[in-house]
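Data first, discussion second: the structure below is written as structure tokens.
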Amino acid sequence: MKATPIYPSGLAATAERPQTQPYLTSRFGLVQIVHDSIIAFPDGLIGLGGSRYALLSTDARSPFLWLQSLDHSTVALPIANPHRFFADFVVELADGEALRLGLSDGQPADVYVTVTAAKDPSEITVNLRAPILIRGGHGYQVINQAPGAAVKTPLFPPGPVGSSAAAAA
């Protein structure tokens, strides 16, 4: 499966040829990662080692991306922007946590949630309780204080056609 590195918001490709470095991954083979697109996770990710990751896309039309570890070739998490599926999704942080992470200045961050894949679409879930915030080359997995932010939220809940997250995709 071929993967294309992407830039988080705020990191744009320049007219100059960007500096890249090859990384061998178990899922995507050899990928060229642009230095400016590497995301540092100073506090790591919950349950995973490594602190350097890159966003990869296997299909430009898909709402799903991969958060590929650059420290461990076998670690790649499927992620998605929750706003594409849940229009009312919000991340609420305690003031002290937002300040500690440098996210209290009102500047936006890219928001992603991890996806638990399944063959049956009705069993695919996302973690709205521990979203990933990315801004300025740094990423943080935080605990969302918003009411109703569950660890295993169905991405495509059963219900009438047009009423589920599938309608947002």
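Inspection of segment 10-18 identifies at least one residue that is touching a strand residue (DSSP E or B) at 6+ places or on another chain (Cβ under 8 Å) and either at pLDDT 95 or above or under 23 Å from Gln141 (Cβ atoms) (or both).
Which count do you get for residues in segment 104-124 that are under 14 Å from the mean Cα position of the chain (by Cα), closer than 17 Å to Asp88 by Cα and surrounded by fewer than 21 Cβ atoms within 10 Å (Cβ to Cβ)? Selection size over segment 104-124: 2. Quick check: anything in segment 130-142 under 25 Å from Ser37 (Cα atoms) and free of Cβ contacts under 8 Å to residues at least 24 places away in the same chain? No, that holds for no residue.
Of the strands (runs of 3 or more DSSP E) that lie entirely inside segment 102-141, those containing 2 or more residues that are out of contact with any Phe, Trp or Tyr (no Cβ under 9 Å at 6 or more places or on another chain) span 110-116.
Of all residues in segment 33-75, those that are in contact with a Gly (Cβ under 7 Å, 6 or more places away or on another chain), without any contact (Cβ under 8 Å) to a residue 40 or more places away in the chain and part of a strand (DSSP E or B) total 1. All conditions in (1) farther than 18 Å from Val113 by Cα; (2) at pLDDT below 95 hold for Leu70, with the sole exception of (2). Does Thr153 meet the test of being of a type outside the set (Asp, Glu), over 22 Å from Ala40 (Cβ atoms) and within 15 Å of the chain's Cα centre (by Cα)? Taking the combined requirement at face value, the residue does not satisfy it. Against the definition (at pLDDT 95 or above and either within 30 Å of Pro157 (Cα to Cα) or among the small types (Gly, Ala, Ser) (or both)), how does Thr125 come out, yes or no? Here the answer is yes, as Thr125 does meet what is asked. Sub-9 Å Cβ pairs linking a first residue in segment 76-94 that is within 17 Å of Pro121 (Cβ to Cβ) to a second residue that is part of a helix (DSSP H, G or I), at least 6 apart or interchain, are Arg84/Ala165; Arg84/Ala168; Phe85/Ala165; Phe85/Ala166; Phe85/Ala168; Phe86/Ala165; Phe86/Ala168, ordered by first then second residue.
The values are calculated or read from the model by the stated rules, or taken from the named source; none is laboratory data. Keep in mind it's a predicted model, so treat the numbers as computed, not measured. As a convention, Cβ positions derive from the backbone with ideal geometry for all residues, glycine included, and neighbour counts pool all protein chains shown.
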